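*Asks:* Dumping the structure here so I can ask a few things about it.
The values are calculated or read from the model by the stated rules, or taken from the named source; none is laboratory data. What you see is a predicted model, and the numbers here were worked out from it, not measured in a lab. Every residue, glycine as well, gets a Cβ built from its backbone with ideal geometry; the counts of neighbours run over all protein chains shown.
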Amino acid sequence: MKPLARFLLALGLLVLPVIDVGASSLQESGELRPFIPHLVQPSEDVVPVVATNDESLSAEIAKAEKELEARRKSSVSLYSSGFRDKNDITVMHGGLFAAANFLDSLNARLLFMTGQLHQDAKSQRRETDIWRTAASLGVADLFLTPRIIVWGAAGYETFTLNSPESQLSMDSEGDLNRWSRTPMYRGYLVGGRLGVKYVFGNESELGLEAKRESLWAEHDKFDTRVFNRVEDMTKMAADMAANKGRIFANIVTFPEQQLHLDGGFDSLEDGNLRRWGYAHYQVPVLWSQDKHWTVLRPNFYVESCTENKAGYFSPDSHITTGVMLHTIHNFKYVDLEAEVNPQLLWTRNQTKNGETQEGIHGLVNITYKYEDLRLGVGGFAYADTDNYWIYRANVFLKYSF
């Protein structure tokens, strides 16, 4: 009975996602990530043999324990990224991620990022240049029971304004006017996150998460996909806090098929309230298999805000629907991830009246792996017929020990 108990516990742990920085899974615990069935697969260097039930059980236990040991390794990662969009906003920053495991169950995570937030001058808009630093310390995938997992972190962000807070400008008639930007609230932000989820026997999940962060915190993620919400840095406080709550569910409907539901709200420090929801259904294509995984993912997104703000995207309503093709391939020395998502968009706000627009985004992540070393690069781009575009690139180096 003791080997059986060990085996069941190991399998219970294996079906739960953990933080990793490989190309196929770059997001933090509790965030949306590809669903890959955790089926037991033979190692490439293992020669098949006819085994008894006891021998098979022992082999499964050994494999499960080996994979758990690999996932518990401590690691240090260097990370850098660059972002640019149609609104002349540039984000260039880099930093350090570290993971350490204590007492066989406490998975500590440290993040430190620093860099520049910049927007070019254009027409009546003045140049803005801010130096931002963010740090957080927390835990990932803390098992309260084999099926209940919590994660959390405390965070701190600082903002230093490098461009002038006020200056004289000349209008088209030659008159001098004094221009001043929106002041920051404090120049810093204290935040963090706390989440919990329950994993069912068929790998379905139900979870909750609450967090407090700035609108720039999305750029700190290893995930290459980033949609920047800020539009005019002179018309909003860069250190404005967003208090966020969300509930999510990953429902396994058939083997290797999944319905993902995600929704919540953002209560912004300027009094605005954003409500949003997202859903997709994931279906593997015929040639999909364990190490060469490809899915079709019809998706739908909706959001609304109580007020239209000039500084950031805050529509009365916004709807996006698309069909994504997402593929992940694992080779001996290289991991490759790619996705493309053509979509239709409808937006209502002070300047748009719900006309249909077309858009598309694409992503590529490539990771070279050798023993405990990982070197990865990634790129992401989006464009639509409303003349908005973004592109982002990142690079990371990870060593596990």
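*Asks:* Within region 124-145, is there a residue that is within 17 Å of Trp216 (Cβ to Cβ), among the hydroxyl-bearing types (Ser, Thr, Tyr), assigned to a strand (DSSP E or B) and modelled with pLDDT under 95?
*Replies:* yes
*Asks:* Name the residue that is nearest to the chain's Cα centre (by Cα), counting only residues in region 106-124 that are farther than 16 Å from Tyr156 by Cβ, buried (at least 17 other Cβ atoms within 10 Å of the Cβ) and not polar (S, T, N, Q).
*Replies:* Per the stated criteria, the residue is Leu117.
*Asks:* So which residues in region 294-334 are farther than 27 Å from Gly376 by Cβ, in a strand (DSSP E or B) and touching a Leu at 6+ places or on another chain (Cβ under 6 Å)?
*Replies:* Correct list: Thr320, Thr321.
*Asks:* Do you know which residues across region 196-217 are at pLDDT below 95 and buried (at least 16 other Cβ atoms within 10 Å of the Cβ)?
*Replies:* Once the filter is applied, which keeps residues that are at pLDDT below 95 and buried (at least 16 other Cβ atoms within 10 Å of the Cβ), region 196-217 yields only Glu203.
*Asks:* A follow-up question, please. Could you run through region 284-301 and say how many residues are in contact with a Phe, Trp or Tyr (Cβ under 9 Å, 6 or more places away or on another chain), crowded, with 17+ Cβ neighbours inside 10 Å and aromatic (Phe, Trp, Tyr)?
*Replies:* Number satisfying all stated conditions: 1.
*Asks:* Any idea which of (1) of a type in the set (A, V, I, L, M, F, W, C); (2) crowded, with 18+ Cβ neighbours inside 10 Å; (3) assigned to a loop (DSSP other than H, G, I, E, B) is the one Phe248 doesn't satisfy?
*Replies:* Going through (1) of a type in the set (A, V, I, L, M, F, W, C); (2) crowded, with 18+ Cβ neighbours inside 10 Å; (3) assigned to a loop (DSSP other than H, G, I, E, B) one by one, Phe248 breaks only (3).
*Asks:* Which pairs do you get when a residue that is over 18 Å from Tyr79 (Cβ atoms), found in region 129-141, comes within reach of a residue that is among the small types (Gly, Ala, Ser) and in a strand (DSSP E or B), reach meaning Cβ atoms under 9 angstrom, with the pair 6+ apart or on two chains?
*Replies:* Sorted first by the residue in region 129-141, then by its partner, the pairs are Val139/Ala108; Val139/Gly152; Val139/Ala153.
*Asks:* So, in region 260-283, how many residues would count as being touching a Pro at 6+ places or on another chain (Cβ under 9 Å) and buried (at least 18 other Cβ atoms within 10 Å of the Cβ)?
*Replies:* So the count comes out to 2.
*Asks:* Scan region 354-362 and tell me whether some residue there is more than 17 Å from Phe227 (Cβ to Cβ), within 21 Å of the chain's Cα centre (by Cα) and aliphatic (A, V, I, L, M).
*Replies:* Checked against the condition, which is being more than 17 Å from Phe227 (Cβ to Cβ), within 21 Å of the chain's Cα centre (by Cα) and aliphatic (A, V, I, L, M), region 354-362 yields no hits at all.
*Asks:* Can you pull out the residues in region 214-227 that are under 20 Å from Ser267 (Cβ atoms) and part of a loop (DSSP other than H, G, I, E, B)?
*Replies:* Scanning region 214-227 gives Leu215, Trp216, Phe227.
*Asks:* If you check Glu307 against the conditions, is it in contact with a Gly (Cβ under 9 Å, 6 or more places away or on another chain), surrounded by fewer than 15 Cβ atoms within 10 Å (Cβ to Cβ) and touching a residue at least 24 places away in the same chain (Cβ under 8 Å)?
*Replies:* So Glu307 fits the description; yes.
*Asks:* Please find, among Ala70, Ala62, Ala154, Ala100, the residue that is surrounded by fewer than 16 Cβ atoms within 10 Å (Cβ to Cβ), modelled with pLDDT under 90, under 25 Å from the mean Cα position of the chain (by Cα) and not basic (Lys, Arg).
*Replies:* Ala70
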